[in-house]
Amino acid sequence: MTEEWRSGVRGPEVAGKATGSPEVAGKATGSPEVAGKATGSPEVAGEVLKVMAFMLSSAKLLGSEPKSYGPYRLIDAAGRLAQAMERCGLADGVVKALAEEIEKERYYGLEDEAETAAFLDRLLEMAVSQMKRPGAAPEGDKPG
Amino acid sequence: MRRYAARSVAEEDLVRLAEAGRWAPSGSNRQPCVFVVVDDPRTLEALEAFAPGIIGRPAAVLAICLDRSRFGRGESDESLPAMDAAMSAQNILLEACSMGLGSCPVLSFDPGSVERLLGLPADVKPALLIALGYPAGPVRVPRRRPLAEILHRNSFGQAFPSASLAPFADGPQGGGSE
């Protein structure tokens with residue numbers, strides 16, 4: 001592990017690519033105000049890198065782990081991403097609500113497929129409700 | 001146990017846990033286990049990124065590693081050193097429980113990333129991580145198969161009648177994991 005990782009800073013060019021674009025931030029949050037807070041932030045780049053490392057490590061390990069770990073790792077990744085957004089001041093109401101829901105379940109695991117499916121349905125309903133709100137997604141993002 | 005309180009574990013307690021691990025038996029008494037305790041918050045955060053099996057925010061992680069230079073010459077079977085690591089882990093888990101600490105053994109981690117993160121020498125490989133911390137609340141003890149279902153006497157399938165009278169039929173209080 002490099003000192004670069006330890007410092008949580010990946011360089012301004014990486015931070016800029018990840019967060020510096022109002023277009024990217026706007027799509028994610030719909031708030032120019034939030035986009036401004038994110039611009040050029042090394043904290044955001046560090047947080048994103050941690051979530052990416054988690055997802056990549058999971059991808060490597062899941063090939064030899066029980067099948068049931070797959071959904072759980074993806075749910076955990078979504079929770080980690082939401083928490084990272086909260087720490088960076090990028091989370092809106094629904095992201096915070098999703099983070100809370102995931103946080104409630106993540107310590108206990110999801111013991112059967114039906115329970116996991118019901119839990120995911122609840123999370124997806126929260127997400128889709130938010131995305132259906134007028135102005136939530138730019139014109140170009142409408143499904144074709 | 002995965003829900004940890006935001007409370008650090010004292011250095012002497014971490015040493016005590018490693019001491020418990022040190023006294024575990026090992027094949028031919030080769031003692032291949034070495035321990036790396038991680039309690040620096042930044043290193044812990046990085047470790048969590050490469051160890052998806054770490055759930056929650058433990059106060060510390062004790063990495064049980066195997067020093068291959070202590071393996072037998074030409075030894076290629078990894079099962080014996082793995083047993084050594086597991087026996088050391090069980091000592092640590094029991095000691096942690098006796099100290100009021102929660103713990104969770106973790107095998108879901110990327111070994112190469114953990115090696116680099118912890119600066120392990122070439123001969124030393126991570127075998128198991130043990131997440132440690134004080135429980136944030138009551139611990140939910142997971143169910144276990146009934147003893148009468150798994151205990152046999154003299155030959156498989158022969159019942160052991162008093163197994164149904166086992167003292168922990170519903171699980172020991174305060175132990176286990178969630």
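The values are calculated or read from the model by the stated rules, or taken from the named source; none is laboratory data. All values derive from a computational prediction rather than experimental measurement. Virtual Cβ from ideal backbone geometry, glycine too; neighbours counted across all protein chains shown. Side chains included, ligands, DNA and RNA excluded: accessible areas come from the protein's heavy atoms. Shrake-Rupley method; radii C 1.70, N 1.55, O 1.52, S 1.80 Å.
List of remarks:
- Check on B:ASP110, within 14 Å of chain A (Cβ to nearest Cβ) and over 14 Å from B:ALA131 (Cα atoms): yes
- Verdict on A:LYS96 being over 18 Å from B:GLY56 (Cβ atoms), open to solvent by 30 Å² or more (accessible area, probe 1.4 Å) and modelled with pLDDT under 90: no
- Where a residue in the stretch A:84-103 is touching a residue at least 12 places away in the same chain (Cβ under 8 Å) and its partner, wherever it lies, is among the β-branched types (Val, Ile, Thr) and open to solvent by 40 Å² or more (accessible area, probe 1.4 Å), with Cβ under 8 Å and at least six apart: A:ALA84/A:VAL48
- Hits in the stretch B:81-108 (condition: farther than 15 Å from B:PRO58 by Cα, assigned to a loop (DSSP other than H, G, I, E, B) and open to solvent by less than 40 Å² (accessible area, probe 1.4 Å)): B:MET99, B:SER108
- When B:ALA5, B:ALA24, B:ALA86 are checked against the criterion of being under 22 Å from B:GLY112 (Cβ atoms) and not basic (Lys, Arg), B:ALA86 stands alone in meeting it.
A quick yes/no check of all residues on (1) modelled with pLDDT of 80 or more; (2) open to solvent by less than 50 Å² (accessible area, probe 1.4 Å); (3) among the aliphatic types (A, V, I, L, M); (4) under 23 Å from B:SER108 (Cβ atoms):
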{"position": "A:GLY79", "(1), (2), (3), (4)": "yes, yes, no, yes"}
{"position": "A:TYR108", "(1), (2), (3), (4)": "no, no, no, yes"}
{"position": "A:GLU115", "(1), (2), (3), (4)": "yes, no, no, yes"}
{"position": "A:ASP121", "(1), (2), (3), (4)": "yes, no, no, no"}
{"position": "A:MET131", "(1), (2), (3), (4)": "yes, no, yes, no"}
{"position": "A:PRO143", "(1), (2), (3), (4)": "no, no, no, no"}
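- Residue check, B:CYS104 in contact with a Lys or Arg (Cβ under 7 Å, 6 or more places away or on another chain) and in contact (Cβ under 8 Å) with a residue 60 or more places away in the chain: yes
- Residue match in the stretch B:19-40 (condition: in a helix (DSSP H, G or I), acidic (Asp, Glu) and either open to solvent by 40 Å² or more (accessible area, probe 1.4 Å) or at pLDDT below 95 (or both)): yes
- Within the stretch B:27-49, being in contact with a strand residue (DSSP E or B) (Cβ under 7 Å, 6 or more places away or on another chain) and more than 14 Å from every other protein chain (Cβ to nearest Cβ) holds for B:PRO32, B:CYS33, B:VAL34, B:PHE35, B:VAL37, B:ASP39.
- Every residue from the stretch B:50-80 that is within 14 Å of chain A (Cβ to nearest Cβ) and open to solvent by less than 60 Å² (accessible area, probe 1.4 Å): B:PHE50, B:ALA51, B:PRO52, B:GLY53, B:ILE54, B:ILE55, B:GLY56, B:PRO58, B:ALA63
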